[in-house]
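Reading through the structure tokens given below for one structure.
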Amino acid sequence: MSKTITRNELAISVHKKIGLSQNECASLVSNVIDEIINNLETGDSVKLSSFGTFTVNSKKERIGRNPKTGVEAKITPRRVLSFKASNLLKKRINN
């Protein structure tokens with residue numbers, strides 16, 4: 001069963017490792033996540049060393065098909081978020 005890690009759990013982990021107050025750690029975690037989001041909103045890539053790279057890609061409008069009914073439908077243009085794990089992260093997960 002997979003576990004979802006919340007911002008609060010991240011803040012508690014930071015608190016245990018560096019000893020700042022829990023409120024300061026919660027603020028720190030929120031600021032880091034907000035900075036990542038702000039950069040992605042403007043279309044910039046975000047690279048976290050030894051973790052991976054987040055990028056925003058633009059998809060053009062296209063015709064898709066409903067897999068159940070086979071009816072064609074127009075898929076509107078949109079931006080999608082992609083993540084590519086670093087080689088170090090891949091190695092740690094696979095070992």
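The values are calculated or read from the model by the stated rules, or taken from the named source; none is laboratory data. Just so you know, these numbers come straight off a predicted model, no measurement behind them. As a convention, Cβ positions derive from the backbone with ideal geometry for all residues, glycine included, and neighbour counts pool all protein chains shown. Keep in mind that these areas ignore ligands, DNA and RNA; they rest on the heavy atoms of the full protein, side chains included. Shrake-Rupley method; radii C 1.70, N 1.55, O 1.52, S 1.80 Å.
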ARG79 vs (1) in a strand (DSSP E or B); (2) surrounded by 13 or more Cβ atoms within 10 Å (Cβ to Cβ): all pass except (2)
Sole residue being more than 27 Å from ILE93 (Cβ to Cβ) and of a type in the set (Val, Ile, Thr), chosen from THR6, THR69: THR69
Working only within the range 25-50, note down all residues that are under 18 Å from VAL80 (Cβ atoms), open to solvent by less than 60 Å² (accessible area, probe 1.4 Å) and not aliphatic (A, V, I, L, M). ASN39, GLY43
State yes or no: is THR69 assigned to a strand (DSSP E or B) and of a type in the set (S, T, N, Q)? no
